[in-house]
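Presented below is the structure to which this report refers.
The values are calculated or read from the model by the stated rules, or taken from the named source; none is laboratory data. Fair warning: this is a prediction, and the values are worked out from it, not measured in the lab. Glycine also receives a Cβ, built like all others from the backbone with ideal geometry; neighbour counts cover every protein chain displayed.
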Amino acid sequence: MIQRTSLELSATIHLKDLGTVHRLGFGAMRIVGDGVWGEPADRQAAVAVVRRAVELGVDFIDTADSYGPNVSEEIIAEALHPYKEGLKIATKVGFTRTGPNKWVPVGRPEYLRQQTELSLRKLKVDTLDLLQPAPDRSQGGRRGAVRRAARTAGRRQGPRPGPVPGERRGAWKRPASTSPCPRSRTVTT
């Protein structure tokens with residue numbers, strides 16, 4: 001008798017601009033220290049948990065730059081980079097952390113751009129599958145702030161590069177000349 005995991009039996013869902021993923025994903029908030037703050041008590045155990053989730057068929061991981069802060073994204077990269085084909089990683093930006101269980105939303109375009117760049121580096125990717133901004137109550141709301149941040153994130157020299165053949169409308173990709181990583185991903189605005 002062959003035993004199947006719950007994930008194998010779970011349904012899939014097609015998400016616009018992201019593709020098809022299992023409805024059962026992996027939330028990486030709890031692989032860091034208490035209060036979603038600092039290093040976990042056992043970093044190697046956290047790395048093993050992330051690896052095991054993907055071994056069991058998880059194809060969607062949800063994380064944030066503020067988990068740790070930074071620790072969750074670093075653990076995911078340590079455990080899984082280079083990423084297997086079909087794995088999608090969503091990350092969130094727009095919160096500062098002043099201590100355990102303390103979250104302060106910041107939606108300024110320059111802050112979102114900075115945190116997006118840092119997430120790209122920590123996850124060791126060129127682009128992101130899904131970028132989720134924190135709610136913003138100023139500067140015309142988060143949609144405008146995210147669009148401004150995505151337009152300029154990764155910009156080192158000159159204007160945004162032209163469209164890449166096969167690139168989805170609205171997608172943004174870091175220029176190849178500044179890319180530290182070979183894997184290509186997409187930030188959808």
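Which one of these is on the phi > 0 side of the Ramachandran plot, modelled with pLDDT under 95 and assigned to a loop (DSSP other than H, G, I, E, B): Gly107, Gly86, Gly162?
Gly86
Looking at Ala41 and the list (1) in a loop (DSSP other than H, G, I, E, B); (2) more than 14 Å from the chain's Cα centre (by Cα); (3) touching a residue at least 60 places away in the same chain (Cβ under 8 Å), which single condition is not satisfied?
Among (1) in a loop (DSSP other than H, G, I, E, B); (2) more than 14 Å from the chain's Cα centre (by Cα); (3) touching a residue at least 60 places away in the same chain (Cβ under 8 Å), Ala41 violates only (3).
What's the total number of residues in the range 118-146 that are outside any loop (DSSP other than H, G, I, E, B), charged (D, E, K, R) and either more than 17 Å from Ala90 (Cα to Cα) or modelled with pLDDT under 60 (or both)?
Final tally of qualifying residues: 2.
I'd like to verify a number: residues in the range 49-74 that are free of Cβ contacts under 8 Å to residues at least 12 places away in the same chain and either of a type outside the set (Asp, Glu) or in contact with a strand residue (DSSP E or B) (Cβ under 8 Å, 6 or more places away or on another chain) (or both), how many?
Summing the residues that are free of Cβ contacts under 8 Å to residues at least 12 places away in the same chain and either of a type outside the set (Asp, Glu) or in contact with a strand residue (DSSP E or B) (Cβ under 8 Å, 6 or more places away or on another chain) (or both) in the range 49-74 gives 1.
In the range 77-129, what residues are in contact (Cβ under 8 Å) with a residue 40 or more places away in the chain and of a type in the set (Ser, Thr, Tyr)?
Tyr83, Thr91, Thr116, Ser119, Thr127
Answer with yes or no whether Glu78 is under 21 Å from Gly27 (Cβ atoms), surrounded by 23 or more Cβ atoms within 10 Å (Cβ to Cβ) and at pLDDT 95 or above.
no
Of the residues Ala41, Ala28, Ala46, Ala53, which is surrounded by fewer than 18 Cβ atoms within 10 Å (Cβ to Cβ) and more than 15 Å from Ala134 (Cα to Cα)?
So the residue among Ala41, Ala28, Ala46, Ala53 that is surrounded by fewer than 18 Cβ atoms within 10 Å (Cβ to Cβ) and more than 15 Å from Ala134 (Cα to Cα) is Ala41.
Could you please let me know if Asp34 is among the charged types (D, E, K, R), under 19 Å from Gly99 (Cα atoms) and modelled with pLDDT of 90 or more?
yes
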